[in-house]
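The values are calculated or read from the model by the stated rules, or taken from the named source; none is laboratory data. Because the structure is a prediction, the values reported are computed rather than measured. Neighbour counts run over all protein chains shown; Cβ positions are idealised from the backbone, glycine included. Side chains included, ligands, DNA and RNA excluded: accessible areas come from the protein's heavy atoms. Shrake-Rupley method; radii C 1.70, N 1.55, O 1.52, S 1.80 Å.
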Amino acid sequence: MPDPIYAPPAVSAQSSARDRLLASAQRLLWELGYDAMSPRMVLEDSGVGQGSLYHHFKTKKDLAHVALEGITDSLIARADEILRASDRPPLQRIRDWLSVPRDALKGCRVGRLVNEQAIHDAAIGDPVGRYFVAVQAALRDALEDARQTGELRPDVDAVAVAAMLVAAVQGGYVLARGSGDPAALQAALKGAWQVLEGMAGEKYQKQG
């Protein structure tokens, strides 16, 4: 099962109209993307009346922006929880992040929007960019910690390796969706980890 953070939030009939609209928008953004999502779809999915939609959000773009900000916040918080955990060695934190169960065929809730025309609009592009900057920073810091503790070689470029790890996850999603085979994502993540292990320092090699 995918990690709950990597899925839209559950709502009940007792949830506010605004929360139901946002949950539906988050789900449809993941399943269909921004361009294909329509206000009518959000209304039908949420069961909320049209008056409530435009009471809370002036336009489709406003709704999508708030929904996407919520997605970004939750994914960044989850990445920080794993990658900045002080009770685990740095490389273990990175392996834990790579190992989080993901829905390979549905794609990244944020990353799949980069191919939308709307990515050039700040309302959509800014939350997406914020997610990638934050996750790469958390990975970079974990990699720097690993260098300082001797788990990685001192010549490892933490910025470049952080970008490679994010690219492995996003590229794995593309491979899985393109081939229809969820194992493609796991293969990409396994390969990324093996590359990282190849950069191990003396401390990590002795532990192994």
Contour excess over end-to-end distance, with Cα ends at residue 202 and residue 62 and 0.36 nm allotted per residue: 45.3 nm
Accessible surface, the chain, averaged per residue in Å² (probe 1.4 Å): 49
Spin-label pair residue 55/residue 41, simplified geometry with 7 Å Cα→Cβ offset, distance in nm: 2.5
Helix-derived mean residue ellipticity, 222 nm - over the chain, DSSP H n ≥ 4, -39500 (n - 2.57), to 500: -21000 deg cm²/dmol
Segment 114-208, Rg to Rh (Cα coordinates; Rh as Kirkwood inverse mean 1/r): 1.07
Lysine pair count for the chain [Cα-Cα under 30 Å; pairs on different chains or 8 or more apart]: 6
Pairwise centroid distance, computed over Cα atoms, of segment 21-93 with segment 117-177, Å: 21
Förster radius 41 Å - calculated FRET efficiency between residue 92 and residue 118, Cβ distance, rounded to 0.05: 0.60
Span-rule helices in the chain, defined as complete DSSP H runs reaching 24 Å or more along the axis (Cα) with Kyte mean at least 1.6: none
Cα gyration tensor shape of segment 16-131, rounded if a/c is under 1.5, else prolate or oblate by comparing a/b with b/c: prolate
Fraction of accessible area attributable to carbon and sulfur, the chain (%, probe 1.4 Å): 52
Label assignment, Cα extents along the principal axes in Å derived from the structure, set (i) 64, 35, 32; (ii) 44, 33, 31; (iii) 47, 42, 31: (i)
